[in-house]
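Notes follow the structure.
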Amino acid sequence: MLDGWTALEKTQGRAQMGKVRTLLQQDFERRLQTGEGASIPAIASGDPKLAGYVAQAEELFPTFRNQITVESMEHVLLWAPVNLIHRLAPTPLLMVTGVDDQVHAIDEVLRAYDRAWQPKRLELLQVDEFGLSIEPGLGQSMNLAAGFFDQHLRRAPRFVPSPAPDEARSRGLRPEYQKAS
């Protein structure tokens, strides 16, 4: 998600955003008074497409619960990396999304991609918002990511872990380990 509030407004409509604000305010007051917040469905299951995804997620991931705290939803709505994406450079950026993704609307993805600086790459797969979480989109996106990481990380020096304390001591790698003459 590149801009939580914008994404929700696009899917729910501007008229619904007043209800969202009311829900957030009521939950804030409840947390302030009782220390406990409310939970709501994370994915609305009234839509047959979404209901199928929820059922599949519950089957594939036994610990999956289709719920989110209202406080967490508030943080998701404030999440807007589109406003900071240009600051990633010179770190390489790979964006992989589905052309039929309603959560990450293609116009938002293109706007974010345009704001990002080089090096960057955009891959559009023929999947919807859930198609990157299951096959074949999952495998396709993982292969794209592996190739991208291989291309950009191979130039980086290999990480050499620090030696274990005993080895560091025996090799005199720290001043306090060097023997006094």
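Summary of computed values
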| quantity | calculated |
| --- | --- |
| Built amide H within the under 5 Å cut-off of VAL103, gap 5+ | GLU129 |
| Relative contact order (%) - the range 80-158, alpha-carbon pairs under 8 angstrom, separation at least six | 34 percent |
| Between 0 and 90°, nearest 10: helix 106-115 axis offset from the chain longest Cα axis | 40 degrees |
| Using alpha-carbon coordinates, inclination of helix 48-60 to the longest axis of the chain, degrees | 40 degrees |
| Reach of LYS10 by Cα under 15 Å, taken over aspartates and glutamates that are not fewer than 8 positions away in the same chain | ASP100, ASP101, ASP107, GLU108, GLU129 |
| Amide H within-cut-off set for GLY98, under 5 Å, with H built and near neighbours excluded | LEU125 |
| Mean-position separation - Cα centroids, the range 89-106 and the range 129-146, in angstrom | 12 Å |
| Highest-MSF residue in the chain out of ASP27, ASP166, ASP114 [GNM, Cα springs under 10 Å] | ASP166 |
| Helical contribution to [θ] at 222 nm, DSSP H n ≥ 4, -39,500 (n - 2.57), averaged over the chain, rounded to 500 | -15000 deg cm²/dmol |
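Only the coordinates and a few stated rules stand behind these numbers; no lab work does. Since we're looking at a predicted model, the values are computed, not measured.
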